[in-house]
Amino acid sequence: MTTSENQRKLIYIANATTSGLSLSGCCFILLMFISFKDLRKSGFKLIFILGIFDILNCISLLIPTYHTSNGNFDCQTQAILLNFSSFCGVLWTTIIALCLKKVIVENQSSINGLISKSLCITVFLGLVCTIIPWVLDAYGTTAGWCWIKLSKSTSEWVILRICLFFIPLLVSIAVNFYFYANVKKVLYLMTTSQEQKKINMKLYRKLNLYPFILILCYFPYIIKQGLEITSLNQEIYEFPFTMAVGVLRAGHGLLNCLIYGFTGKVRGKIRLILENFKILKKQQKLIEDTRKSSSTAIQ
């Protein structure tokens, strides 16, 4: 770790700002899910669960650990929350891809059972991958936050990082591309009405963005990890690279909300809320004008 405490503070401010935006977006999606019964279907339930993992990730990055040491409670808390939420969030994007494949490619009518089983497996694997570094006392400060430590003298921490996060991340990206390629192929070949074709093509174009989110937010971190292992001119790139990686990682929740969460139905609900708000304001203005007219008439 070659960053100073002041640099770590600047990294924290950037991460916390982005995490705050992501947290707001995730909470909005959760609020929509809770408020409207017709949104509580299997498709949006997948997004709701992803939002919960993203909220945990945002909370972890909002914990100020730029001044802390390895054994401190705040550092350990951030490392545990960050590891669990990041792993589960990445894995859950693959579950979303799997569910889309089941519905569109395999014509499976109900995926509620698959969602429940997948959630149990995701949480279990997330806990396993989070408990292992904790048992081995591997959590501590890194260049910008607290996670699995990186030490030139101890290669086991690097192995833990690679096996417990980076390999699952790369596998998830590859599997996502595979599932979405199958889904896009079926969507493209579907012979339906003209209106349905337009809907299919919108989904077709949107599917290209789903795996791109993982690449944008985490691939720079993979590059940084490779540079950290080699330790080539680490003092030159450490601060700006860590800043960029932290902001992208913190923005994962916001991008998930924008790409996954703001569906046509959600946008329709937002328009309905705004329209009702305008109607309410007009009614209030009408009442106020009526009261003023009544007061003037009495006088």
Item to check | Residue that is within 30 Å of ASN182 (Cβ to Cβ) and buried (at least 19 other Cβ atoms within 10 Å of the Cβ), where the choices are ILE63, ILE95 | outcome: ILE95
Checklist entry - Within the group SER86, SER42, SER4, which residue is touching a helix residue (DSSP H, G or I) at 6+ places or on another chain (Cβ under 8 Å), at pLDDT below 85 and of a type outside the set (Phe, Trp, Tyr)? => result SER42
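On the basis of being surrounded by 14 or more Cβ atoms within 10 Å (Cβ to Cβ), under 13 Å from THR93 (Cβ atoms), in the same structural domain as ALA14 (by TED's automatic domain parsing) and at pLDDT 85 or above, does LEU207 make the cut?
Spelling it out, it is not the case that LEU207 is surrounded by 14 or more Cβ atoms within 10 Å (Cβ to Cβ), under 13 Å from THR93 (Cβ atoms), in the same structural domain as ALA14 (by TED's automatic domain parsing) and at pLDDT 85 or above.
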Checklist entry - For segment 162-174, which residues satisfy the criterion of being of a type in the set (Val, Ile, Thr) and either touching an Asp or Glu at 6+ places or on another chain (Cβ under 8 Å) or surrounded by fewer than 19 Cβ atoms within 10 Å (Cβ to Cβ) (or both)? => result ILE162, ILE167, VAL171
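The values are calculated or read from the model by the stated rules, or taken from the named source; none is laboratory data. As the structure is a computational prediction, the values presented were derived from the model and not from experiment. Every residue, glycine as well, gets a Cβ built from its backbone with ideal geometry; the counts of neighbours run over all protein chains shown.
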